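**Student:** Starting off with a structure, shown below.
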Amino acid sequence: MESSHIQILDTTLRDGQQCPGAGMSFEKNIAYAKLMVELGIDVLEAGFPSASDLDFEIVNTIAMECASKDANTIISSLCQLREPQIDRTIEALLPAQKVERARLHVYVPGEPHLMEASLGKYAQNKPKIIEDTYALVTRAAKSGLEVEFTVEGYSRIGDNFDFATDLFRAAIQGGATIMNCPDTIGGACRLQGKDYFVENMRQHRDLMLAEFPEHALCWSAHCHNDYGLALDNSMNAVFSGVATQVEGCFNGIGERAGNVALEQCVMYIKHFGHYYDDKNPLFTKVKTENLQKVSDFIHQNMLPRQPHWPITGDNAARHTSGGHTNAVLANPLAYQPFDPKEVGKEITFVFGPMSGGNHAQATIQQAGYRCEDNEKAQIAQFIKTFYFERRKGITDEELIVAYKAFRSPIKAENFAYNKTSEGASLTIDGEFFTLPDGVTIKYEGQGSAMTALHKRIAEFMPGLCIENYQSQSIGKGVNALSEATIDISFGNKACYQGIASDQDIEISALKALVSAVNSAYIEINCKR
């Protein structure tokens, strides 16, 4: 492994699924593993095969599937320092072991209180734990598997520093090549000074390097996020020159407050790796353009992702503020720290109370409609008024609905018609083409209100024809609505449809005709 290559170990299928509510079906586990191969992840921790028969089958199937692919992803699996679990894990990983892409990850508690809670009387016999570490790591390594060894609770080893040294020594002598130093309870902080786990990692790395100079050892950081410091701690371990592997979960899922979010680690290293060494910058082999796809999979199948989640959240590349939108429209990276396309994402906008005319104009023009510079502010204000209670924003589709309402030549606020033996009249309150105060139409004989309205509209749009009219009842009883559907043609004979409902069958037909006419007018006169 190149010294500047930082390996990424994804434990979403193991630590991630230990998070309440995050478990997935057998099929989804396999689908996720395939995504990891596409992503180019270095190590996939596929599960804990000794936990159940199903977990064994998941790990074994993933090992089999990934072994058959032309990929470099190593399949890892976790177990405790117990012989039956070691053997069960070796069996589960056998398909990947045959192509030399299998890793057994074994752990033993090293933090004093955790040892007492987890190991009982066994915790009192440290020489025996060290002896078992050597024996069982040797057992795994001789089976042909790569071995990773973890001192659980490493960030709080305290007075057990020397014991941890003995554990690492025994593991290395047994054949382990990856030493993992986790902040198991997410309580580490660089303010701890000499007690900071990264400082202990450095000391253990130097001690083991002095004792085993011929061994190529990888030191790994596995950080939880209970104080929100998982990213800072993981990157401190990397940029201090100690860790060459980072372990975590995508979308930051995991036990309690979760693990470090791997998409954040990957982008951190990508964009800041040159600060470590500008001639030989740190890097990962993750195909970042697939990060959004992976994040969305977890969001849909494991746990929901917050909209403001860094890197892949829905709002991470979405803008609504007028000032921000104006700048982003001129320069897409004006308010973005990196190009969202790097992770497979596009910049989007949400029209809201703080949006302006440029935002409205861009959305309208993208939809293929006209919006001139001298009217964009007026249109934007109309849209805000149209959705005056929608403080959280509207979709692009809803914006176009409001735009069409703005452009509609007939803005009918009320219909009223009256019939007598001498004739009838129809009054429309609102705007009617060039008549800002509406219109009153008088007609004689047996003609209907719809016929009269059609004739009046034709004065402004000659050649408009009603091609079809249907009406049906929606619901039952005296409160049932009448739904009218009207198709019209105009000019090039294209057909435009209007649908409307009302308790009055006549008014439902009038509304449907107005809707069809407005659609025809906008499509003919307002397209770019």
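**Student:** If you place +1 on the Cβ of every Lys and Arg and -1 on the Cβ of every Asp and Glu, how big does the dipole about the Cα centre of the chain come out, in debye to the nearest 20? The partial results should precede the final answer.
**Tutor:** On the way: 48 positive and 66 negative charges, 181 e Å.
Dipole magnitude for the chain comes out near 860 debye.
**Student:** Give the angle, between 0 and 90 degrees and rounded to the nearest 10, that separates the Cα long axis of helix 396-407 from the longest principal axis of the Cα atoms of the chain.
**Tutor:** On a 0 to 90 degree scale, this one is about 20.
**Student:** For a footprinting-style exposure proxy, rank Glu57, Glu214, Glu372 by other Cβ within 10 Å, fewest first.
**Tutor:** Glu214, Glu372, Glu57
**Student:** Now for a separate question. What is segment 257-388's relative contact order, in percent, from Cα pairs under 8 angstrom and six or more apart in sequence? Before the final figure, lay out the partial values.
**Tutor:** On the way: 132 pairs, mean separation 24.0, N = 132.
Here the relative contact order equals 18 percent.
**Student:** With a 10 Å Cβ neighbour count serving as the proxy for reagent exposure, in which order, fewest first, do Val439, Val59 appear?
**Tutor:** The most exposed by this proxy come first: Val439, Val59.
**Student:** In addition: On a 0 to 90 degree scale, rounded to 10, what angle separates helix 505-525 from the longest Cα axis of the chain?
**Tutor:** Approximately 70 degrees, to the nearest 10.
**Student:** Let me ask something additional. Counting C-alpha atoms alone, how compact is segment 318-407: give Rg to one decimal and Dmax as a whole number, in angstrom.
**Tutor:** Final numbers for Rg and Dmax: 13.0, 39 Å.
**Student:** Sticking with the crude label model, points 7 Å out along Cα→Cβ, report the distance from Lys142 to Asn125 in nm, one decimal please.
**Tutor:** 2.1
**Student:** Helix-derived [θ] at 222 nm for the chain: sum -39500 (n - 2.57) over DSSP H runs of at least 4, divide by residue count, nearest 500?
**Tutor:** -12000 deg cm²/dmol, from helical runs alone.
**Student:** Sequence-distant or interchain residues sharing an amide H contact under 5 Å with Tyr369, placed H: which?
**Tutor:** Under 5 Å from the amide H of Tyr369: Arg528.
**Student:** Ranking request for peptides 216-222, 345-351: highest mean number of other beta-carbon atoms within 10 Å first, then the rest in descending order.
**Tutor:** Order by mean packing, descending: 216-222, 345-351.
**Student:** While we're on this one: What list of ³J(HN,Hα) couplings, whole Hz, do you get for segment 271-276 from phi and the Karplus terms 6.51, -1.76, 1.60, once you set θ to phi - 60° and write x for glycine and proline?
**Tutor:** 9, 10, x, 6, 5, 6
**Student:** Starting from the 7 Å offset along Cα-to-Cβ, what nm value, one decimal, do you get for the label separation of Thr177 and Ile499?
**Tutor:** 6.5
**Student:** Still on this structure: Just subtract the alpha-carbon distance of Arg256 and Phe338 from 0.36 nm times their residue separation and send over the number in nm, one decimal.
**Tutor:** 26.5 nm
**Student:** Same structure, new question: Name the long-range amide H neighbours of Thr150: under 5 Å, sequence gap of 5 or more, or other chain; modelled H, no Pro or chain starts.
**Tutor:** Placed amide hydrogens put Val106, Tyr107, Val108, Asn180 under 5 Å from Thr150.
**Student:** Here is a follow-up. So for the pair Asp437, His5, with labels modelled 7 Å out along Cα→Cβ, what separation do we get in nm?
**Tutor:** Going by the 7 Å Cα→Cβ label model, 8.2 nm.
**Student:** Among Lys376, Lys121, Lys142, which comes first, then next, by fewest other beta-carbon atoms within 10 Å?
**Tutor:** Numbers: Lys376 19, Lys121 7, Lys142 12.
Ranking Lys376, Lys121, Lys142 by Cβ neighbours within 10 Å, fewest first, gives Lys121, Lys142, Lys376.
**Student:** On a 0 to 90 degree scale, rounded to 10, what angle separates helix 161-174 from the longest Cα axis of the chain?
**Tutor:** 90
**Student:** Residue by residue, what Karplus-based ³J(HN,Hα) values in Hz, rounded to whole numbers, does segment 300-316 have, using 6.51, -1.76 and 1.60 with θ = phi - 60° and x for Gly and Pro?
**Tutor:** Using θ = phi - 60°, the values come out as 7, 10, 10, 9, x, 9, 5, x, 8, 4, x, 6, 10, x, 4, 8, 5 Hz.
**Student:** Let me check against my output: what whole-number percent is the relative contact order of segment 230-333, with C-alpha pairs under 8 Å and at least 6 apart?
**Tutor:** Once normalised by length, the contact order is 17 percent.
**Student:** Cα atoms only: what Rg and Dmax, in Å, come out for segment 310-349?
**Tutor:** Gyration radius and largest Cα-Cα distance of segment 310-349: 9.3, 25 Å.
**Student:** Let me ask you something else. Calculated FRET efficiency, Glu83 and His308, Cβ-Cβ r, R0 45 Å, to nearest 0.05?
**Tutor:** 0.45
**Student:** With a/c under 1.5 counting as rounded, go ahead and sort segment 251-296 into rounded, prolate or oblate using the C-alpha gyration tensor (a ≥ b ≥ c being the square roots of the eigenvalues; past the cut-off, prolate if a/b is larger than b/c, else oblate). Walk me through the intermediate numbers first.
**Tutor:** Values: a/c = 3.86, a/b = 1.72, b/c = 2.24.
Judged from the Cα gyration tensor, segment 251-296 comes out oblate (a/c at least 1.5, b/c at or above a/b).
**Student:** What shape does segment 280-338 take by its C-alpha gyration tensor, where a ≥ b ≥ c are the square roots of the eigenvalues and a/c under 1.5 counts as rounded, a/b above b/c as prolate, and the rest as oblate?
**Tutor:** Since a/c reaches 1.5 but b/c is at least a/b, the shape of segment 280-338 is classed as oblate.
**Student:** Around Gln245, which amide H atoms from residues at least 5 apart in sequence, or from another chain, sit under 5 Å from its own amide H, with H modelled in the peptide plane?
**Tutor:** Those lying under 5 Å, H to H, from Gln245 are Gln7, Trp219, Ala221.
**Student:** Any idea what the relative contact order of the chain is, in percent, if you count C-alpha pairs under 8 Å spaced at least 6 apart?
**Tutor:** The value is 9 percent.
**Student:** Count neighbours as other Cβ atoms within 10 Å of each site's Cβ, and list the GluC sites (Glu not before Pro) in segment 78-152 that are DSSP loop with at most 14 such neighbours. Don't jump to the answer; show the numbers that get you there.
**Tutor:** Working: sites: Glu91, Glu100, Glu116, Glu131, Glu146, Glu148, Glu152; in loops: Glu100.
Of the GluC sites (Glu not before Pro), the ones in loops of segment 78-152 whose Cβ has at most 14 other Cβ atoms within 10 Å are Glu100.
**Student:** With r as the distance between the Cβ atoms of Thr420 and Glu389 and R0 = 41 Å, compute the FRET efficiency 1/(1 + (r/R0)^6) and round to 0.05.
**Tutor:** The formula returns an efficiency of 0.45 here.
**Student:** Per residue of segment 229-240, what does 6.51 cos²θ - 1.76 cosθ + 1.60 with θ = phi - 60° give for ³J(HN,Hα)? Whole Hz please, x for Gly and Pro, Karplus curve as stated.
**Tutor:** 10, 4, 5, 4, 5, 5, 6, 4, 4, 6, 6, 7
A short reminder: the numbers here are calculations on the coordinates, not readings from a lab. Keep in mind that this is a model prediction, so the values were computed, not measured. Backbone-built Cβ (ideal geometry, glycine too); neighbour counts: all protein chains shown.
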